[in-house]
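Encoded as structure tokens, the structure appears first; notes follow it.
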Amino acid sequence: MSQDCLSFLKGLLMKDPEKRLSWPDLLHHPFVADGVLTVSDEGSSNPLTVPPSPDLQALKHQQAAEKTTTRGGEGKLLCKARELPEKEKIYRQVLFY
């Protein structure tokens, strides 16, 4: 690896946060300085900050409710956890008898 690459990695992996290479200093490091294009945030839209529509929110709540209401209102994981000891008992009975 080149010295610039090693220096960049060491800068990112420093334990002490005060000494660690961080934003925006890492953009000016010789290892990446020539290959990074910075674009202004002004006027751009970020799809992760757009609130979901009411229809999408309703669908999300419906899916969450379906996941938690299985067999007597218990979650799937809880049902499986309760089934395991029963299966182990049957398995042991078959092996040892």
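The values are calculated or read from the model by the stated rules, or taken from the named source; none is laboratory data. The structure presented is a predicted model; accordingly, all values stated were derived computationally and were not measured. Ligands, DNA and RNA are excluded from the accessible area calculation, which covers all protein heavy atoms including side chains. Shrake-Rupley method; radii C 1.70, N 1.55, O 1.52, S 1.80 Å.
Ordered by solvent-accessible area of protein heavy atoms (1.4 Å probe), largest first, the residues Met1, Met14 come out as Met1, Met14.
Residues in the range 6-23 carry Karplus couplings, in order, of 4, 4, 5, 5, 4, x, 6, 9, 4, 5, 6, x, 5, 9, 5, 5, 9, 5 Hz; the curve used is 6.51 cos²θ - 1.76 cosθ + 1.60 with θ = phi - 60°, and Gly or Pro positions show x.
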